[in-house]
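In what follows, a single structure is set out as structure tokens and then discussed.
The values are calculated or read from the model by the stated rules, or taken from the named source; none is laboratory data. Fair warning: this is a prediction, and the values are worked out from it, not measured in the lab. For neighbour counting, all protein chains shown are included, and Cβ atoms are generated from backbone atoms with ideal geometry for every residue, glycine included. Surface accessibility is based on the protein's heavy atoms, side chains included, excluding ligands, DNA and RNA. Shrake-Rupley method; radii C 1.70, N 1.55, O 1.52, S 1.80 Å.
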Amino acid sequence: EASIGLAAANALLNRRSHGLVDLKALEVLRQRGVGRRVGMIGHFPFADELRDSCEQLWIFERGIGRRESDLDEGEIAELLPAAEVVAVTATTLLNGTLPSVLASVRRDAFLMMLGPSTPLTPALFAFGFDLLCGTLIEDPPAVIRAVEQGAVTGQITGVRRVSLWRESR
């Protein structure tokens, strides 16, 4: 139910957001993470590409994407306060973990939310986010066809990856 509700909200919100730019989360993380401690809530497919450029990369995962090297969510409170850059999956909105994650983020960290479920609304900036990286559906029939065929996010065509910056970046 939460997934369907968020999808419905995104269908309305994401088209109406002003200031969207064509920018992928990986590009920002590559730039912001160089020589820094990075905390990532959720194991994204590009995570391993970041490891060499970061001073430290902590990946916290509880779901089916969990790898042996990933840390348990129980370690967030201990390690995340040391992260200078924090990337949070939008799934935290669905599973109810966002408040506890945000409680461990230091005030001066660069904080971003990413993933296809990210609501592109400035309302999230009130929670400390600097950047929101999400997806716009540009070809609904293509997306529906891909989902019906069991495609994973990276295989879905008919979408555009966009970002929304907080005004004072």
- Message: Of everything in the stretch 100-112, what is open to solvent by less than 60 Å² (accessible area, probe 1.4 Å) and assigned to a loop (DSSP other than H, G, I, E, B)? Give them in sequence order.
- Response: S104, V105, A109
- Query: If we scan the stretch 74-83, do we find a residue that is under 21 Å from S53 (Cα atoms) and assigned to a loop (DSSP other than H, G, I, E, B)?
  - Reply: yes
- Is it the case that G19 is modelled with pLDDT of 95 or more, at positive phi, more than 17 Å from the chain's Cα centre (by Cα) and not in a helix (DSSP H, G or I)? no
- Note on the structure: Among (1) aromatic (F, W, Y); (2) under 18 Å from C133 (Cβ atoms); (3) at pLDDT 95 or above, F46 falls short only on (3)
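Taking the stretch 46-58, which residues are touching a residue at least 12 places away in the same chain (Cβ under 8 Å) and either open to solvent by 70 Å² or more (accessible area, probe 1.4 Å) or touching a Gly at 6+ places or on another chain (Cβ under 8 Å) (or both)? Full working, then the answer.
First, the residues of the stretch 46-58 that are touching a residue at least 12 places away in the same chain (Cβ under 8 Å): 46-47, 49-50, 53-58.
Residues satisfying the conditions are E49, L50, S53, C54, E55, Q56, L57, W58.
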- Query: Which residues, counting only those in the stretch 113-155, are surrounded by fewer than 18 Cβ atoms within 10 Å (Cβ to Cβ), among the aliphatic types (A, V, I, L, M) and part of a loop (DSSP other than H, G, I, E, B)?
  - Reply: A151, V152
- Query: Checking S69 against (1) open to solvent by 40 Å² or more (accessible area, probe 1.4 Å); (2) closer than 23 Å to A11 by Cα; (3) outside any helix (DSSP H, G or I), which test does it fail?
  - Reply: (2)
- Within the stretch 84-99, the count of residues that are surrounded by 15 or more Cβ atoms within 10 Å (Cβ to Cβ) and either without any contact (Cβ under 8 Å) to a residue 24 or more places away in the chain or in a helix (DSSP H, G or I) (or both) comes to 5
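Based on this model, can you work out whether I41 counts as in contact with a Ser or Thr (Cβ under 6 Å, 6 or more places away or on another chain) and either surrounded by 15 or more Cβ atoms within 10 Å (Cβ to Cβ) or without any contact (Cβ under 8 Å) to a residue 12 or more places away in the chain (or both)?
Numbers: in contact with a Ser or Thr (Cβ under 6 Å, 6 or more places away or on another chain): yes; either surrounded by 15 or more Cβ atoms within 10 Å (Cβ to Cβ) or without any contact (Cβ under 8 Å) to a residue 12 or more places away in the chain (or both): yes.
So I41 passes the test.
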